[in-house]
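Below is one structure, written out as structure tokens; comments come after it.
The values are calculated or read from the model by the stated rules, or taken from the named source; none is laboratory data. Bear in mind that the values here come from a model prediction, so they are computed numbers and not experimental data. Counting neighbours? That spans all protein chains shown, and the Cβs are built from the backbone with ideal geometry, glycine included. These area figures cover heavy atoms from the full protein model, side chains too; ligands, DNA and RNA do not enter into them. Shrake-Rupley method; radii C 1.70, N 1.55, O 1.52, S 1.80 Å.
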Amino acid sequence: MKQDKIETAWSGAEKCETCGIRHLALFADLEHEDFVHIHNPIHEVVFKHGEALYHLESAAEHVYTVRSGLVKLVQYLPDGTPRIVRILRPGDLAGIEITTGGNYQHDAIALTPVETCQIPMTVINTLSEETPRLHRQLLERWKNALITADSWLTQLSTGTARNRVINLLLWLDANTTQADGSFTLPVREDIGAMVALTTETVSRIVAELRRSDIVSMLPGQRARIDRDELALLIEEE
């Protein structure tokens, strides 16, 4: 039974070595000899829109490399109001906080259909002991998470309502992986939870931008923006 488990794990590790987004992923720096230390299976897990990867304060067993799609990280105000504090993109690591101990600090919920690699913490702990190359990638992801958190705080949580919505649209446009430049436009409630505005205020601002043909809606809750025109609308504060 143990040998079957190890062979299953090695099969998963071989997929990691040939992964199409490996250059973006947690195992980007690992070399062939590092993969022999993986004795627990790494699973490819797909989440539908609205499904949770994990919940706030739940037992910390896995981290997730996002292969495709977007994941929202949600925390809650004392009155229970949800706030989306960050969006994860392909290559990002969901649950990075558990690599230093403790439980998950967010609800991680699929904002779109999401493909992930579910990595057991036992694998992370073993590789951290056996190779310095994983440590470098973990530090890089901590740095990226901090930069993104700072950016969200300064651009999406302060300033005029219009500027917050515009900055979010510019961020979504800048981080799209679609060849046609379109991106998934979150529902109004999610946008409000990202930029600390009411759903009504978000709806009004988006409607104004659509009437000006700066934001164009496409099938499947996707949108495209005129980036240059949108950037000109940012108001000085």
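To the nearest 20 Debye, how big is the dipole of the stretch 39-85 about its Cα centre, given +1 on the beta carbon of each Lys and Arg and -1 on that of each Asp and Glu? Write out the running numbers ahead of the final one.
Working: 4 positive and 5 negative charges, 42 e Å.
About 200 debye.
By its C-alpha gyration tensor, with a ≥ b ≥ c as the square roots of the eigenvalues, how is the stretch 142-191 shaped: rounded for a/c under 1.5, else prolate for a/b larger than b/c, else oblate?
Numbers: a/c = 2.02, a/b = 1.14, b/c = 1.76.
The shape class here is oblate.
What FRET efficiency comes out for Asp150 versus Ala174 if R0 is 22 angstrom and r is the Cβ-Cβ distance? Round to the nearest 0.05.
It comes to 0.90.
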Could you work out the relative contact order of the stretch 157-235, using alpha carbon pairs under 8 angstrom and six or more residues apart, expressed as a whole percent? 35 percent
Give the distance, in whole Å, between the Cα centre of the stretch 44-69 and the Cα centre of the stretch 181-231. 26 Å
Ignoring ligands and nucleic acids, what accessible area does His49 show with a 1.4 Å probe (Å², nearest 10)? 120 Å²
Specify which residue in the list Asn175, Leu233, Ser157 is farthest towards the positive end of the charge dipole of the stretch 157-235, using unit charges on the beta carbon of Lys, Arg (+1) and Asp, Glu (-1), about the Cα centre. Ser157
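Explain nothing, just the number: dipole magnitude of the stretch 157-235 about its Cα centre with +1 on each Lys and Arg Cβ and -1 on each Asp and Glu Cβ, in debye rounded to the nearest 20.
Details: 9 positive and 11 negative charges, 28 e Å.
Roughly 140 debye for the stretch 157-235.
How would Leu146, Leu230 rank on accessible area, largest to smallest, probe 1.4 Å? Each step should come with its number before you reach the end.
On the way: Leu146 105, Leu230 0 Å².
Largest to smallest exposure gives the sequence Leu146, Leu230.
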Lys, Arg +1 and Asp, Glu -1 on Cβ, resulting dipole of the stretch 95-237 about Cα centre, debye, nearest 20: 140 debye
Students sometimes get this wrong: rank Tyr76, Tyr104 by accessible area, probe 1.4 Å, all chains present, largest first. Tyr76, Tyr104
Quick one: the Cα spread of the stretch 157-235 along its three principal axes, in angstroms, biggest first? 31, 25, 23
